[in-house]
Amino acid sequence: MKRPFTPWRAALAALASGLALCWPMAHAQAPASPTTAQQFTLANGMTLIVKPDRRAPTATHMVWVRVGAIDEVDGTSGVAHVLEHMMFKGTDTLKPGEFSRRVAALGGRDNAFTSRDATAYHQQVPAERLEDAMRLEADRFANNRWSDDEFQRELQVVKEERRQRTEDSPRARMFEAFNAAIYQASPYRRPIIGWMSDLDAMTPQDARDFYRRWYVPANAALVITGDVDVAQVRDMAERHFGRLPERAVPERKPRTEPPQQGPRRIEYRAVADQALVALAYRAPQWRGGDTPDERDALALTMLSAVLDGYNGARLDRALVQGQGKGGQRVADSASASAGYGLMGRGPQVFTLSAVPARGVSPDAAAAALKAEVERIAREGVQEAELQRVKTQWTASEIYKLDSVFAQAQELGSYWVNGLPIDTGERLLQALRQVTPAQVQDVARRYFADTQLTTAVLVPERRDTAAAR
């Protein structure tokens, strides 16, 4: 499966922000027009979401499982991701790797991903071959099988992936340590790919137990978008997924993050060309409602966009172009960033980061990042500036709908977070209502040092690191 490397800015955004034996009847939750997403629940508890888009004769088929790194326990970190690999290694009727060969023979392509909150498997196929893809995926979901030797071979692939993405990158290692410092009780503190010591100790039974525990129909959603008929897709889903045996979803115990009572700071020393500073502040999350915390979450989303939502936004102008206080260039090009998670199954943070320019200390870069937030807290933002980022947000949401895969990914991510299928429209409307006064207010209230975790990558010479 192709898994492109996540650059450090994307990694930071991820911090701020983790695939009955009878014929059951499905029950629509709400009537909808032919081009609106519709949601059904099969008798075995599996969710079906269908959204027709007739602009091209293609369809996206996704299975989302509400299980990710957040559901792992200490000692088996990375097992959700390892299992994602193993799901390509065969069933009672398919040999290792045959799943992807079958999809390719249909004229399609397939992949998968694991996040903090979910695992998702997806295929894009000609619309007339959708049922063939569904038959393959239903078989894999219910009948995943592989030998211990196959597991050990694939585990080496995952370990090499960790070496290339994390251990060979000082910045990635720093962000891994940063993440572990931000969270204490939350499972978000563990890396999605897992600690290497846990991968070294992982057994085939660990992955099999995780599969049997979490891959149950009531913990999964089938999302279909593209040139499809809702009634036909519903009938297919009943034939292939609806027949899978019903099982209860395991109880999830709360792992509530305790309040942060003071600033935290780590210095990560490694052989590197440049320093890097990252700041994370505790922040609320949006759950689709209208509570005070959720209104703050919407305002923080707009604050993030004002700081770093477009080329030449505030952080770029002040830190990179040198238009801030003192007129000094503080950060390297394209390195000053802001991010905010907004949604997720676990706690969220607001992040700021920068690569200090030559001759600038990490502490000076951190002070410059804070200064831009303090400026908004003091002076506020103009209505025109806020309107600009709202317009850009709206445009990006509209452009995203050009892709049937993006539509399926959005619908699946909303389901994972327990949100209704019209969340995209409701979120857009809620963001449009955010006022400059609200943005200024959250800039004043959420950026106290008591809620701050700071990470600094400290470059070392190779001989110094070797001696240490």
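Just a few scattered comments:
- Conditions (1) over 26 Å from V50 (Cβ atoms); (2) surrounded by 14 or more Cβ atoms within 10 Å (Cβ to Cβ); (3) charged (D, E, K, R); number of the one not met by D422: (1)
- Among residues of the range 103-127 being in contact with a strand residue (DSSP E or B) (Cβ under 9 Å, 6 or more places away or on another chain) and open to solvent by 40 Å² or more (accessible area, probe 1.4 Å), the one that is nearest to R212 (Cα to Cα) is F113.
- Total residues in the range 294-327 satisfying the condition of being small (G, A, S), open to solvent by 10 Å² or more (accessible area, probe 1.4 Å), modelled with pLDDT of 95 or more and in contact with a helix residue (DSSP H, G or I) (Cβ under 7 Å, 6 or more places away or on another chain): the figure is 1.
- Flag for V158 being hydrophobic (A, V, I, L, M, F, W, C), in contact with a Leu (Cβ under 9 Å, 6 or more places away or on another chain), part of a helix (DSSP H, G or I) and under 30 Å from L342 (Cβ atoms): yes
- Selection from the range 341-378 of residues that are open to solvent by 20 Å² or more (accessible area, probe 1.4 Å) and of a type in the set (D, E): D363, E374
- The condition (being touching a strand residue (DSSP E or B) at 6+ places or on another chain (Cβ under 7 Å) and either at pLDDT below 95 or of a type in the set (S, T, Y) (or both)) is satisfied by just one residue among T453, T423: T453.
- Selected residue (only one of A283, A231, A272, A201 is aliphatic (A, V, I, L, M), at pLDDT 95 or above and touching a helix residue (DSSP H, G or I) at 6+ places or on another chain (Cβ under 8 Å)): A283
- Pick from the range 379-401, criterion of a type in the set (D, E, K, R) and exposed (fewer than 11 other Cβ atoms within 10 Å of the Cβ), ranking: farthest from the chain's Cα centre (by Cα): E379
Residues are listed down the side, and each one gets a yes or a no for (1) aliphatic (A, V, I, L, M); (2) in contact with a Gly (Cβ under 7 Å, 6 or more places away or on another chain):
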| residue | (1), (2) |
| --- | --- |
| L315 | yes, no |
| G324 | no, no |
| A331 | yes, no |
| S337 | no, no |
| G344 | no, yes |
| V349 | yes, yes |
| V355 | yes, no |
| V360 | yes, no |
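- In the range 73-100, the residues that are farther than 15 Å from Y211 by Cβ and among the β-branched types (V, I, T) reach residues that are modelled with pLDDT of 95 or more and open to solvent by 10 Å² or more (accessible area, probe 1.4 Å) with C-beta atoms within less than 7 angstrom, at least six apart or across chains, in these pairs: T93/D139.
- Residue in the range 163-176 that is open to solvent by less than 20 Å² (accessible area, probe 1.4 Å), in a loop (DSSP other than H, G, I, E, B) and touching a helix residue (DSSP H, G or I) at 6+ places or on another chain (Cβ under 8 Å) present: no
- Residue within the range 27-47 that is closer than 26 Å to L342 by Cβ, buried (at least 18 other Cβ atoms within 10 Å of the Cβ) and at pLDDT below 50 present: no
- Enumeration of residues in the range 65-96 that are among the small types (G, A, S) and either at pLDDT below 95 or open to solvent by less than 10 Å² (accessible area, probe 1.4 Å) (or both): G68, A69, S77, G78, A80, G90
- Scanning the range 176-198 for residues that are among the aliphatic types (A, V, I, L, M) and over 29 Å from D139 (Cα atoms), we see that the one that is modelled with the lowest pLDDT is A185.
- Answer residue from the range 54-64, given it is among the β-branched types (V, I, T) and farther than 11 Å from G412 by Cα and is most open to solvent (accessible area, probe 1.4 Å) among those: T58
- Hits in the range 329-360 (condition: more than 30 Å from G288 (Cα to Cα) and in a strand (DSSP E or B)): A331, A354, P356
- Condition check for A467: loosely packed, with under 15 Cβ neighbours inside 10 Å, modelled with pLDDT under 95 and either among the hydrophobic types (A, V, I, L, M, F, W, C) or touching a Leu at 6+ places or on another chain (Cβ under 9 Å) (or both): yes
The values are calculated or read from the model by the stated rules, or taken from the named source; none is laboratory data. Small disclaimer: the values here were computed from a predicted structure and weren't measured. Ideal geometry is used to build each Cβ from the backbone, glycine not excepted, and the neighbour counts take in all protein chains shown. Side chains included, ligands, DNA and RNA excluded: accessible areas come from the protein's heavy atoms. Shrake-Rupley method; radii C 1.70, N 1.55, O 1.52, S 1.80 Å.
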